Amino acid sequence: MARRIAYLLLDLALLLAAVRLVVELGLAFSQRVTAQFDIEWMEGATLMTALRIVDGLPIYGEPAPDYIPFIYPPGYAAVVATLSAIFPMGYTLGRAVSIVGMLFTAAAVVVGARQEGARWPFALASVGLLASAYAEGGTFYDLIRVDALLLGLLAWSIVLVRRATLPAVITGALLLTLAFLTKHNAAMLGVPMALWLWYDRNWRLAATFAMCSALPALGFLGAMELAGEHLFHWLVVVPSDHGIRPERALPWYELKKGELTVTGAQAEVWRALPLTSTLLLLWPGWLRARGGLYWAGIAVTTLVMVSIMRGHVGGYINVLIPMFFVLSVLPAAQLGGLGDRPAARGLIGLVMLAQLFQGRDDLNRYVPGPRDRARAAAFVEDLRELPGPVLLPHAPYLAVLAGKPPSFALICLWDIDREGGPHQDSVRRIEALVTEGHWPTAILPDDKLGYGLKKGYERVATLKNQPPPTRVGYRLALRERWGARVEQRHEEP
């Protein structure tokens, strides 16, 4: 009786701790979703791709002054563009798509843990583990980026393939294709899934999975090429010379001011969920349990995938998010695979509970307030009155809100500005336009843009109504208005 009461109290504590984290995260989502400005600086640039789909414009063509393609597939932008036929295009729609992606991910966490035999309280509490890693992933769960939609598709692909029935495998394969069309790195997860199906079931099921995932993806790539959209070029050729930073891809040790710091994707993943991750490493017996081999293959491959992406020049901590899903499922699945033995239930439950409390974070610092919203609205109104088009490379969608034509996104210009890269001519053309003062007005954070800025423009004023600075990722604040020099100003026909 005493043991039963102890287990009941542990289950209740797990649920309450998880609910607290999920509610706090939900409140943050609700306050960020309607913010009409870039919380992270690539949000507006991502919306520009969706807007071009709506307008029937190419999204993987030659770089131009008003648009440079991203090095991502079109899946996320296509979903936003499609939904814009029902809902207004903009920041709210983009973030809502990501929130729905995370809701699907949370459901996959519960189902994944349950189908490995985990008890309901442990499976539900696993969602709290995912919520606790929000800040460690750059708060990208609800941003206008591909990550949350990717994770929702990828998570369900992983969970369904584990069932190893023909309908589930085919559905999981098709979801993996959709994940690939959202972010192409997802294709790596097809390898452990296919190998496990071959080893644990039979080669026919593995071959079915391979065909149902690979053929639609290859067909889509071919169709894009036939349509004049050079998707393969932008996914593979353009980023091929970006390089790798080994101190982010691999465990790296730095000694600064007498303090030893461990860097690398693996250390960052561990710091997101340190207690449950340590338990998984110190108690490898779960690998021999039901589903252990499958989830081990998924975990290792996902860790390799996020390490490569983190090491890629420009790779940010948002790329770690797929690993957070895996580490959220594994503790409860570990217990289920071990047969819910009393000692395991107590130990894993206590470690999960400690991790849920350790994962508390003040999310208010990531949430815009009423003053931020007022500043953004005032900035857009001021922007309407300025001569256009406006060079706004750090937040191009704000120009669209003000009724101005968009300019290129700086992050996309950086992607193609590589020595010996295939688009150096395009970079020089854009630099020439900046030097000539092609845009009558430029809104910038400072004078560090380069690309001929100081030759073609002069600082006119500090903005009276400055939009809020970005809250996460690359931090910047748009503070200055620049005008094209009279002698350089481009005359519009």
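Per-structure values
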item	result
Hits in the stretch 106-131 (condition: over 20 Å from the mean Cα position of the chain (by Cα) and of a type outside the set (A, V, I, L, M, F, W, C))	G112, R114, Q115, E116, G117, R119, P121, S126
A85 being assigned by TED's automatic domain parsing to the domain that holds V236, touching a Leu at 6+ places or on another chain (Cβ under 9 Å) and over 20 Å from I430 (Cα atoms)	no
Index of the failed condition, W414 passing every other in (1) over 21 Å from the mean Cα position of the chain (by Cα); (2) among the hydrophobic types (A, V, I, L, M, F, W, C); (3) surrounded by fewer than 18 Cβ atoms within 10 Å (Cβ to Cβ)	(1)
Test result for R365, among the basic types (K, R), in contact (Cβ under 8 Å) with a residue 60 or more places away in the chain and under 30 Å from L282 (Cβ atoms)	no
Subset of the stretch 431-448 (residues that are surrounded by 19 or more Cβ atoms within 10 Å (Cβ to Cβ) and either hydroxyl-bearing (S, T, Y) or out of contact with any Pro (no Cβ under 7 Å at 6 or more places or on another chain) (or both))	V434, G437, T441, A442, I443, L444
L250 closer than 20 Å to L154 by Cα and either at pLDDT 90 or above or surrounded by fewer than 20 Cβ atoms within 10 Å (Cβ to Cβ) (or both)	no
Among the residues listed as G388, G359, G456, G437, the single one being of a type outside the set (K, R) and out of contact with any strand residue (DSSP E or B) (no Cβ under 7 Å at 6 or more places or on another chain)	G359
Residue match in the stretch 61-73 (condition: touching a residue at least 40 places away in the same chain (Cβ under 8 Å), of a type in the set (D, E, K, R), over 21 Å from A148 (Cα atoms) and not assigned by TED's automatic domain parsing to the domain that holds V237)	yes
Unmet requirement for A85, which otherwise passes all of (1) surrounded by fewer than 24 Cβ atoms within 10 Å (Cβ to Cβ); (2) aliphatic (A, V, I, L, M); (3) touching a residue at least 40 places away in the same chain (Cβ under 8 Å)	(3)
Residue list for the stretch 153-189, filter: among the basic types (K, R) and surrounded by 23 or more Cβ atoms within 10 Å (Cβ to Cβ)	R162, K183
Lone unmet requirement of (1) surrounded by fewer than 16 Cβ atoms within 10 Å (Cβ to Cβ); (2) over 18 Å from the mean Cα position of the chain (by Cα); (3) not hydroxyl-bearing (S, T, Y) for L103	(2)
Qualifying positions in the stretch 4-15 - of a type in the set (D, E, K, R) and surrounded by 10 or more Cβ atoms within 10 Å (Cβ to Cβ)	D11
Residues within the stretch 18-51 that are surrounded by fewer than 21 Cβ atoms within 10 Å (Cβ to Cβ) and more than 16 Å from Y141 (Cα to Cα), tallied	3
Residues of the stretch 21-37 satisfying the condition of being closer than 18 Å to L103 by Cβ and either touching a Pro at 6+ places or on another chain (Cβ under 8 Å) or part of a helix (DSSP H, G or I) (or both)	L21, V22, V23, E24, L25, G26, L27, A28, F29, S30, Q31, R32
Hey, W295 within 24 Å of G339 (Cα to Cα) and surrounded by fewer than 19 Cβ atoms within 10 Å (Cβ to Cβ) or not	no
Tabulated pairs, the stretch 255-267, first in the same structural domain as G137 (by TED's automatic domain parsing) and assigned to a loop (DSSP other than H, G, I, E, B), second at pLDDT 75 or above and among the basic types (K, R), C-beta under 9 angstrom, 6+ apart or interchain	G264/R248; G264/R310
Some residue of the stretch 211-219 being farther than 21 Å from A133 by Cβ and more than 26 Å from the chain's Cα centre (by Cα)	yes
Every residue from the stretch 347-384 that is assigned to a helix (DSSP H, G or I) and of a type in the set (D, E)	D372, E381, D382
Test: residue in the stretch 376-383 that is among the charged types (D, E, K, R) and in contact with a helix residue (DSSP H, G or I) (Cβ under 9 Å, 6 or more places away or on another chain)	no
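The values are calculated or read from the model by the stated rules, or taken from the named source; none is laboratory data. From a predicted model like this one, the values you see are computed outputs, not experimental measurements. We place every Cβ from the backbone using ideal geometry, glycine too, and count neighbours over all the protein chains shown.
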